[in-house]
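No lab work stands behind these numbers, since they all come straight from the coordinates. Just so it is clear, the structure is predicted and the values come from calculations on it, not from any experiment. Cβ atoms come from the backbone with ideal geometry, glycine included; neighbour counts cover every protein chain shown.
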């Protein structure tokens with residue numbers, strides 16, 4: 001883009017502690033909400049008595065599921081994809097049954113946190129404790145405890161007559177896998193498991209809700225989408241969308257985990273009942289016990305190839321834990337598993353399985369990292385068996401423009417081959433290793449999405465501009481919006497101020513997720529800025545008393561069109577803005593789009609590790625992320641996305657897991673015991689930006705935020721296998737697990 | 001004639017198992033109408049939670065998209081992300 005700033009709008013506030021996050025907001029008369037949570041993994045709620053809590057001095061409101069509409073269980077359109085609002089409602093506050101330890105049962109609002117917590121202790125809940133099930137394989141058994149009496153497996157014929165914990169079976173098929181395996185010269189079959197892992201955002205869920213006397217509801221919250229919060233709360237509480245206004249707070253990390261609501265509907269119900277603004281903030285323990293991690297999975301992979309390395313058949317069966325309610329990312333797991341490769345015969349089968357854990361939520365490239373762990377690990381073994389270089393094996397089979405994906409369409413313009421070639425040429429790949437060290441390589445794919453976005457560009461009287469969009473900035477998107485607007489307007493980036501509007505001040509924007517904002521909302525910004533440019537040309541034409549076609553816009557200045565030889569002077573944006581009142585009034589552009597054509601993203605990662613054979617500890621020595629980013633609007637933030645995704649994936653590979661006791665209670669609900677990597681655990685992660693522009697975006701943008709978490713699980717596992725000679729197919733490869741494997 | 005490609009599970013439920021269907025249509029909306037005439041209920045089946053890929057590009061709202069005579073149209077699950 002030619003020019004970009006080192007920082008971003010808002011960075012100074014963040015690093016100096018001035019930024020206002022969800023928990024920082026306060027209102028006069030505000031009171032505090034707290035949640036009573038289930039101590040049981042699975043139990044029927046026999047009764048709830050809130051009488052004594054309600055009588056406690058200082059308590060202003062108590063709510064239970066009885067204060068929420070009893071919504072039907074039906075899948076309806078919501079945002080960009082189907083939603084079952086009953087599940088979201090019953091997850092926010094339990095109705096009839098608690099389905100995991102930490103499931104919300106009641107909520108209290110009081111004049112202080114101390115009074116609210118005292119009131120929680122006065123709520124009497126009678127439970128009938130039920131057998132529970134945590135592990136996905138156990139949950140799939142015929143004799144497993146059933147979470148939902150009315151859940152019948154979708155996607156199987158004939159329709160089941162007995163309920164099950166398997167919510168759905170999904171299948172994707174390309175060609176004839178049986179014939180492909182029959183012609184294969186080498187067949188490799190392996191099983192893998194991954195654990196549910198939390199997104200680990202630093203900022204806990206937090207909100208303030210205020211319901212006015214006329215019913216008008218205002219919510220300030222930290223989320224990945226103010227319009228999502230409005231939509232979900234409106235449906236859960238049966239309020240008109242127009243009666244809820246949601247203002248986005250600064251967000252301290254989301255990674256997919258803030259694409260749903262937990263506290264907001266409770267805070268609204270408490271405010272409605274008390275007549276006071278209510279603030280609710282989760283503790284870290286609540287974040288772990290009651291907000292969604294991504295799914296753990298059980299996967300089987302089968303690869304068939306010729307001796308020259310050509311893949312001719314592939315199959316993958318995966319079962320993903322959804323947590324307490326259906327909705328694991330089994331479908332995208334199936335769709336992404338083999339998307340990096342041109343395999344003529346392939347099948348994936350996925351199972352969406354409920355168990356007594358918190359309902360899973362999205363996490364960067366939902367479903368893809370687990371599938372890639374299995375496929376990329378198996379490919380590494382295949383390369384070893386064939387005696388091939390692992391990059392060459394991938395290059396031989398790499399998807400290119402025109403390759404048919406297992407899920408249907410042919411690939412558009414993509415840059416996977418370019419990432420592999422960059423990996424092969426990188427100094428990292430050619431650096432010698434020492435004893436107990438190994439190098440792993442793995443690749444990954446994510447679709448990236450578009451969707452509905454709106455933007456407005458307002459020109460101020462002094463020639464500066466404001467860009468208003470409706471997507472919370474979780475990865476530097478404000479900077480990208482300003483850069484793109486500045487590029488179109490032809491003015492300096494410093495003169496453009498990006499703002500994130502609330503639900504009443506900007507047109508609808510689907511949430512910040514799917515790596516869509518710089519692509520889709522960015523496209524809306526470009527259109528809105530082009531709208532402004534057209535208006536600026538028209539104003540210049542008015543001043544010059546000529547036709548608009550006789551005015552061109554270049555570098556922030558109106559010029560007479562080429563061939564015009566009169567004496568008109570040039571007009572800068574600032575000059576046109578200053579005279580706007582005399583030429584037609586304020587200058588503002590806007591655009592609302594439903595954007596298609598998101599360019600798929602591919603990445604290839606290189607990882608060097610050293611294994612301590614005495615302790616099983618793995619040290620990551622060097623890590624390089626190579627990714628097709630389309631066109632990097634703000635290269636610094638793109639690198640940050642790549643490094644962050646890799647760091648999270650390394651934690652997923654090496655340490656992160658939920659530890660449950662035999663009663664289904666989580667034992668490690670804090671960062672001391674739930675081990676995410678910190679800066680001192682990792683080397684500087686090198687980021688290599690490969691730019692294969694997406695032709696469906698005016699600046700060539702592809703989403704970049706999700707691809708980088710897809711390859712690390714296998715990149716690390718492959719490096720460990722090559723360093724130690726022992727392959728661990730069950731994550732995490734924690735010291736005790738690796739040591740046990742080394743001792744065998 | 002545009003070519004419609006369907007996954008087996010979807011085809012089993014909505015197009016009597018036909019995974020490849022030729023349709024004479026110049027817009028995606030017309031294609032869906034033709035498909036619904038041949039396979040009643042098809043339009044309802046794709047109304048929620050389905051995205052459409054036309055010649056390799058995925059569109060969340062494809063109705064207004066034009067088709068070429070040799071266009072390839074795939075119906076696939078709607079995509080989200082983290």
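Summary of computed values
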{"quantity": "Å³ per residue enclosed by the Cα convex hull of the range A:46-152", "calculated": "146 Å³"}
{"quantity": "Efficiency of FRET between residue B:68 and residue B:39 - r from beta-carbon atoms, R0 25 angstrom, step 0.05", "calculated": "0.65"}
{"quantity": "Cα gyration tensor shape of chain A, rounded if a/c is under 1.5, else prolate or oblate by comparing a/b with b/c", "calculated": "oblate"}
{"quantity": "Mean residue ellipticity (222 nm) of the protein assembly as shown, computed from DSSP H runs ≥ 4 via -39,500 (n - 2.57), nearest 500", "calculated": "-8000 deg cm²/dmol"}
{"quantity": "Kirkwood Rh (inverse of mean 1/r, distinct Cα pairs), the range B:2-77, angstrom", "calculated": "12.0 Å"}
{"quantity": "Computed log₁₀ I(q)/I(0) - Debye formula, equal Cα scatterers, no solvent, the range A:383-457, q 0.11, 0.13, 0.14, 0.19 Å⁻¹", "calculated": "-0.45, -0.57, -0.64, -0.94"}
{"quantity": "Reciprocal mean inverse distance between Cα atoms of the range A:451-595 - Kirkwood radius, Å", "calculated": "15.4 Å"}
{"quantity": "For residues of A:406-415, the mean tally of beta carbons on other chains within 10 Å", "calculated": "5"}
{"quantity": "Other protein chain Cβ atoms within 10 Å, averaged over every residue that makes up B:43-52", "calculated": "3"}
{"quantity": "Gain upon complete extension [residue A:561, residue A:743; 0.36 nm per residue less C-alpha separation]", "calculated": "57.7 nm"}
{"quantity": "Average Cα contact separation per residue, chain B, under 8 Å, 6 or more apart, as relative contact order %", "calculated": "36 percent"}
{"quantity": "Sorted by Cβ density within 10 Å, fewest first, the residues B:28, A:546, A:360", "calculated": "A:546, B:28, A:360"}
{"quantity": "Rg followed by Dmax, in Å, when the range A:326-384 is reduced to its Cα trace", "calculated": "13.1, 40"}
{"quantity": "Cβ-based exposure ranking for A:203, A:185, in which fewest neighbours within 10 Å come first", "calculated": "A:185, A:203"}
{"quantity": "Taking A:446, A:11, A:652 and counting other C-beta atoms within 10 Å, the order from fewest to most", "calculated": "A:11, A:652, A:446"}
{"quantity": "Average beta-carbon neighbours from other chains, 10 Å sphere, peptide A:333-341", "calculated": "1"}
{"quantity": "Gap separating the Cα centres of the range A:649-728 and the range B:17-51, nearest whole Å", "calculated": "40 Å"}
{"quantity": "Over chain A, relative contact order from alpha-carbon pairs under 8 Å, at least 6 apart, %", "calculated": "15 percent"}
